[in-house]
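Novice: Sending over a structure as structure tokens; questions will come in a sec.
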């Protein structure tokens, strides 16, 4: 008998009587102002929330705050005025020198400031991890209170790769001292776009 | 780690030699435990969440056979190659054979307690494959040639000066430099070079979803993602108990995991791998290594619900004061002490006794594993099977003899009180295991029954 058959037969023999799945959690915590909560939590985990009302405003922000950054790329056509063109479709290793990557998120979650991003919003899976700084655009109306609502959105979604990103890359492995920028982005900016 | 024939108490003695370090270790972990409490208290539904998670895991264990088949079929449809390993040896061979087929001799690895349990690094290194651990804490202990001492905080036992010295030796940082910010920046440069040049990456798995065939890896550093997205081959290794039924159940577990582990509301990255990247090979190894046996032990089955948050370690008064290495197993602390005897009851017979049975581990466990009850149950099994420590077995026999006879009990009590009063050095010395770390009590003048007799007659 091969290992697969052996393991499965041992499980069948040893697993207890079937118990049913619990009912879904009732009334998980809701925030009166999820956007305010999101911004506070993001600040607590080392990110910066920037409320904006248009893509022009984001472009202006980039021009003033990121003026010294050399390589700025974006997966958002709306920001092509201030970002590099034709960067897509290269070997993932070539993105090593990206200073800032600007991408879009499907939605954000207030309780933990996580943003849900799937492969098609990154162009390349490595983009949000390899860049020195990450900036994400999210619609204000797409900030949910909690993770249950979040998974309500992605329960049946189809993607090759998806990730929740909450703040810049970080570590506290040396004597519990928090350091931002372990391997990935050292900073994270989230542009929260007002409802039009 | 070669611990010889030492048991937990013996290894803890070594750790306890440096009292200042013990205090520091204790305080640091208590600080993490306090952060967990604060995070848990932000959610009014915390207890309901724990109950929900516990019941989902019960359902998983009761239907594991079908969930694994469902997961395998979906993962294969997604383009992931699924392997099954009965034990550590087979797991290591599978990983090695994948690397060999691709001609890869240098790899990066992100944190995986399963590969620690299987001693994968040693196996690959013996076969001429270089393994670089990319989690900062794991890289530090790897440079120090030590195993991790904690499942979430692998180098929590190390002072920054020691890490500075290691980095000076291996990464060429200036001598005497111990600033965490500086050292982390040096490690970032060192590890980026590895991510960019290694063709294969190994990651662990936090959750695997039967419904969709995808698996989720949680990190704060982003090292699993850097490895996986830059590699030609991604190998993910998981214990068969990591399955959960549906994607939406992740909402429950992701809310609990980081809050229980470090007090964060969620890890920085919670990555869902569904399909390999175009041109990439993705392998997933499902490992048993004693888990099916534990599934059959009704008293210990619950331990398979563990999501590896480490909350039980941070709260454990024994772990905090004896250090992770004194547990001589990949997973230290309370949860490791109920998992290890399943793998080898004789080798790990000491671990269920490395606890006060205070129940704090059970109270913080996000999936409601009855850890302290299982520790107590293991003690009984171990004594019955004859694996108990000789000193403990002799003491138990003496206790049994004394307590079974009223005459012996009375006489022994009287003798004990007399000795403690008149020749205290007979008990207050190193030969008495009870005297270690404790003061002997002031002996009472009379026993309760003597007092009762006297007072009732008057």
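All of the numbers you see were taken from the coordinates with simple rules; none came from a lab. None of these values were measured; they are calculated from a predicted model. Counting neighbours? That spans all protein chains shown, and the Cβs are built from the backbone with ideal geometry, glycine included.
Novice: Treating the range B:146-221 as a set of equal point scatterers at the Cα positions, no solvent, please give the Debye-formula log₁₀ I(q)/I(0) at q = 0.22 Å⁻¹.
Specialist: Log-scaled intensity ratios, in q order: -1.14.
Novice: For helix B:406-422, report the angle its Cα long axis makes with the longest principal axis of the Cα atoms of chain B; keep it between 0 and 90° and round to the nearest 10°.
Specialist: Approximately 90 degrees, to the nearest ten.
Novice: Does anyone have the angle between helix B:390-404 and the longest principal axis of chain B? Alpha-carbon axes, 0 to 90°, nearest 10?
Specialist: Result, in degrees: 40.
Novice: Going by a ≥ b ≥ c, the root eigenvalues of the Cα gyration tensor, does the range B:19-103 fall in the rounded group (a/c under 1.5), the prolate group (a/b larger than b/c) or the oblate group?
Specialist: Taking the square roots of the gyration eigenvalues as a ≥ b ≥ c, the range B:19-103 is oblate.
Novice: Now for a separate question. Give me Rg/Rg_expected for the range B:77-137, where Rg uses Cα atoms only and Rg_expected = 2.2 N^0.38 Å with N residues. Working shown, then result.
Specialist: Working: Rg = 11.9 Å, N = 61, 2.2 N^0.38 = 10.5 Å.
With N residues counted in the range B:77-137, Rg over 2.2 N^0.38 Å equals 1.14.
Novice: Which values, in whole Å and largest first, are the semi-axes of the equivalent ellipsoid of the protein assembly as shown obtained as the square root of 5 times each eigenvalue of the Cα gyration tensor?
Specialist: 48, 27, 26
Novice: If you average the alpha carbon positions of the range B:172-190 and of the range B:26-73, how far apart do those two centres end up, in angstrom?
Specialist: 35
Novice: Follow-up question, since we're still on this one. Kindly provide the pair-distance distribution of chain A built from C-alpha pairs, with 10 Å bins from 0 and whole-percent values in order of increasing distance.
Specialist: 8, 30, 30, 16, 10, 5, 1
Novice: Identify which of A:11, A:165, A:58 has the largest mean-square fluctuation in a Gaussian network model of chain A, with springs joining Cα atoms closer than 10 Å.
Specialist: A:11
Novice: Radius of gyration and Dmax for the range B:376-458's Cα atoms, expressed in Å?
Specialist: Just the Cα atoms of the range B:376-458 yield Rg and Dmax of 16.2, 51 Å.
Novice: Continuing with this model, one more query. Given R₀ = 60 Å, FRET efficiency for residue A:17-residue B:31 by Cβ-Cβ distance, to 0.05?
Specialist: It comes to 0.90.
Novice: How high is the FRET efficiency between residue B:373 and residue A:85 when r is their beta carbon distance and R₀ equals 51 Å, given to the nearest 0.05?
Specialist: After rounding, the FRET efficiency stands at 0.20.
Novice: Compute the FRET efficiency between residue B:89 and residue B:293 as 1/(1 + (r/R0)^6), taking r as their Cβ-Cβ distance and R0 = 22 Å, and round to the nearest 0.05.
Specialist: 0.90
Novice: Tell me the volume per residue, in Å³, of the convex hull enclosing the alpha carbons of the range B:169-289.
Specialist: That works out to 140 Å³ per residue.
Novice: Another question, then. Evaluate the range B:250-319: find the radius of gyration of its Cα atoms, find its Kirkwood radius, and give the ratio Rg to Rh.
Specialist: 1.07
Novice: May I pose another question? Among B:448, B:71, A:66, rank each residue by its count of other Cβ atoms within 10 Å, from fewest to most, as a rough exposure measure.
Specialist: B:448, A:66, B:71
Novice: Compute the relative contact order of the range A:41-196 as a whole-number percentage, counting only Cα pairs closer than 8 Å that sit 6 or more residues apart in sequence.
Specialist: 30
Novice: Give, as ranges by residue number, the residues of the range B:155-192 whose backbone N falls under 18 Å from the point 7 Å along Cα→Cβ of residue A:178.
Specialist: Label zone hits: B:180-182, B:184-185.
Novice: Once you have the Cα-Cα distance between residue B:146 and residue B:448, take 0.36 nm times their residue separation minus that, and quote the gain in nm to one decimal.
Specialist: Result: 103.5 nm gained on full extension.
Novice: Moving on. Which residues does the label zone of residue A:93 cover in the range B:184-206, counting backbone N under 14 Å from a point 7 Å along Cα→Cβ?
Specialist: Only B:192-201 pass the distance filter.
Novice: Between the range A:28-83 and the range B:76-104, how far is it from one alpha carbon centroid to the other, in angstrom?
Specialist: Distance between centres, Cα-based: 42 Å.
Novice: Still on this structure, I have one more. Using the C-alpha gyration tensor of chain B, what are the square roots of 5 times its eigenvalues, in whole angstrom, with the largest one first?
Specialist: 45, 26, 21
Novice: Continuing with the same structure: What list do you get for B:356, A:64, A:19, B:184 if you sort them by fewest beta carbons within 10 Å? Please list the in-between numbers first.
Specialist: Details: B:356 12, A:64 8, A:19 15, B:184 25.
Starting with the residue having the fewest Cβ neighbours, the order is A:64, B:356, A:19, B:184.
Novice: Using only Cα atoms, tell me the angle between helix A:55-65 and the longest principal axis of chain A; keep it within 0 to 90° and round to the nearest 10.
Specialist: Computed tilt is about 70 degrees.
Novice: Then there is this: For the pair residue B:19/residue B:232, report the inter-label distance in nm, with labels modelled 7 Å from Cα in the Cβ direction.
Specialist: That separation, rounded to one decimal, is 5.9 nm.
Novice: Measuring from label point to label point, each 7 Å out along Cα→Cβ, what is the residue B:344 to residue B:177 span in nm?
Specialist: A separation of 4.1 nm, rounded to one decimal place.
Novice: Within a 10 angstrom radius of the beta carbon, how do B:84, B:418 rank from fewest other beta carbons to most?
Specialist: Least crowded to most crowded, the residues run B:418, B:84.
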